[in-house]
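Have a look at the structure below, then the notes.
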Amino acid sequence: MKILLLEPFFTASHKSWALSYQESSAHQVELLTLPGRYWKWRMHGAAVSLARMYEEKQCEADLILATDMLDLSTFLALSRKYTAHIPTAIYFHENQLTYPWSPTDQDVQKGRDNHYSFINYTSALAADRVYFNSDYHLNSFIGELPKMLKQFPDHNELGSAQSIREKSEVLPLMMDLKRFDAHKPDDIELQEKQVPLLLWNHRWEYDKNPEAFFEMLFQLAEEGLAFEVAVLGEQYKKQPAIFKTAQEKLGDRIVQFGYAEDFKTYAQWLWRSDILAVTSNQDFFGGSVVEAMYCDCFPLLPKRLAYPEHIPVSDQNLFYYSDEDELYKRLKWLVVHWKQLRLIKTQQYVSRYDKRAMAPYYDQILSDQYAANAL
């Protein structure tokens, strides 16, 4: 089967996901992409550019798989001469309906943020199938849709939320996790460590709640506890001021500060890290958390969002906290008793997301969709 994957935001996790499927699928997967920048403009304009590219390249496809950054309804309208007969699916890495916007964003201040949610909504309506990367993501999106639609004066189509739910299912994020294996340090190097290494490997953005994370570290430092910190993750032109404050207040405790120069460096820091204290306000899947867990970094996770889907219920008491007070108490205990953590192997919980395991599942899901549309 020929699958055309449309990715308007070809960078970071979106790029890794697309390449992982292309490399691992038994199907023929062709990518049609745009650079991963200017995300708002991509949601507005990518449909026009990709429809033009589709026609120029004379792409052939049995099924079209788009991602949430694409205005799928506009793409299909512009390419209907070529795509009217082709079944379509959309994959939601994230969505703008339940994403916690920064209050300083100009679109929020001017009441324009609903437009991006509406693009996600009409794209889901236009697709034959809708895939979400977690059960939390699916339920939160469908649950929020009626609230958004009720804002409009009439003909707000509340029943369309149920229509989308009926054609939706969960398809977990596919990741290339085994590539971390080549960069694992030997046991002797890990045993020689004198203090625990705490990890931040998320985007430097508002929704990851870095203020709560670093405030805990400031308190640990004030209490005289010994630890080091590796601050990794993607950075953007605008970033929360707490990162600069943390660099000043934590000083020599910070042994890495900034985006890793290459994958090898990133992987080595994850393997060396002992504790990942997650304070995020939003995570539709948690790719950075999964990467750290694959490298056996012990996670402290809020019992909400998508995180409970990664660990069986029988083991969740070990890794989850209910509020910030409990998080701090548990983090403090772990910093003191950190050497015991190396006995706990968290890789076992997330290895199923590796592309070698996930690609056959994707192939079957999409083959079934193609067969159903052909009937």
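Any read-out appearing in this document is the output of simple, stated calculations on the displayed coordinates, not a laboratory observation. The model shown is predicted, which means the values in this text are computed figures rather than measured ones. With ideal geometry, Cβ positions are generated from the backbone for all residues, glycine too; neighbour counts draw on all protein chains shown.
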- Note on the structure: Cross-link reach from Lys238 to lysines, straight Cα distance under 19 Å and at least 8 residues apart if same chain, gives Lys40, Lys208
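Expressed as a rounded percentage, what relative contact order does segment 264-326 have, with Cα pairs under 8 Å and six or more residues apart?
Relative contact order of segment 264-326: 32 percent.
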- Query: Which residue, Lys332, Lys345, Lys81, tops the fluctuation ranking in a GNM of the chain built on C-alpha contacts under 10 Å?
  - Reply: Lys81
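To the nearest 0.05, what FRET efficiency results for Ala372 and Gln219 with a Förster distance of 56 Å applied to their C-beta separation? Show your work: numbers first, answer last.
Working: r = 55 Å, r/R0 = 0.98.
Efficiency for this residue pair is about 0.55.
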- Note on the structure: Computed for the chain: size of charge dipole around the Cα centre, +1 on C-beta of each Lys and Arg, -1 on C-beta of each Asp and Glu, debye to nearest 20, value 380
- For segment 178-353, what is the charge dipole size about the Cα centre, in debye to the nearest 20, if Lys and Arg each add +1 at the Cβ and Asp and Glu each add -1 at the Cβ? 280
- Query: Considering only DSSP beta bridges whose two residues both sit in the chain, what percent are antiparallel, to the nearest 5?
  - Reply: 0
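Find how much the distance from Ser163 to Leu190 grows on full extension, using 0.36 nm per residue of separation minus their present alpha carbon separation; answer in nm with one decimal.
Values: separation 27, 0.36 × 27 = 9.72 nm, distance 5.22 nm.
Result for the pair: 4.5 nm of gain on full extension.
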- Message: Helix-only mean residue ellipticity at 222 nm, the chain, DSSP H runs n ≥ 4 weighted -39,500 (n - 2.57), per residue, nearest 500. What is it?
- Response: -13000 deg cm²/dmol
- Query: Based on Cβ point charges of +1 for Lys and Arg and -1 for Asp and Glu, what charge dipole magnitude is obtained for segment 177-272 about its Cα centre, in debye rounded to the nearest 20?
  - Reply: 380
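Can you sort Val29, Val336 by how many other beta carbons sit within 10 Å, fewest first? It would help to have the intermediate numbers written out before the result.
Numbers: Val29 23, Val336 13.
Final ranking by Cβ density, sparse to dense: Val336, Val29.
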- Note on the structure: One finds, for Arg37 and Glu309 with R0 = 41 angstrom and r their Cβ-Cβ distance, a FRET efficiency to the nearest 0.05 of 0.85
- Fewest-first ranking of Trp338, Trp39, using other Cβ atoms within 10 Å as the exposure measure: Trp39, Trp338
- Query: Quick one: if you stick a label point 7 Å off each Cα along the C-beta vector at Lys339 and Thr122, how many nm between them?
  - Reply: 6.2
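Using alpha-carbon pairs under 8 Å, 6+ residues apart, how would you state the relative contact order of the chain in percent? Don't skip to the end; give the middle numbers.
Values: 600 pairs, mean separation 59.8, N = 375.
It rounds to 16 percent for the chain.
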- Provide the per-residue ³J(HN,Hα) series for segment 207-213, in order, calculated from phi with Karplus coefficients 6.51, -1.76, 1.60 and θ = phi - 60°, each as a whole number of Hz, with x at glycine and proline positions. 6, 8, 6, x, 4, 5, 4
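Suppose we look only past 26 Å in the calculated P(r) of segment 178-353. What percent of the Cα-Cα pairs does that tail hold? Don't jump to the answer; show the numbers that get you there.
Numbers: 3470 of 15400 pairs.
Summing the P(r) tail past 26 Å for segment 178-353 gives 23 percent.
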- Item | Percentage relative contact order, segment 178-353, counting C-alpha pairs under 8 Å, at least six apart | 25
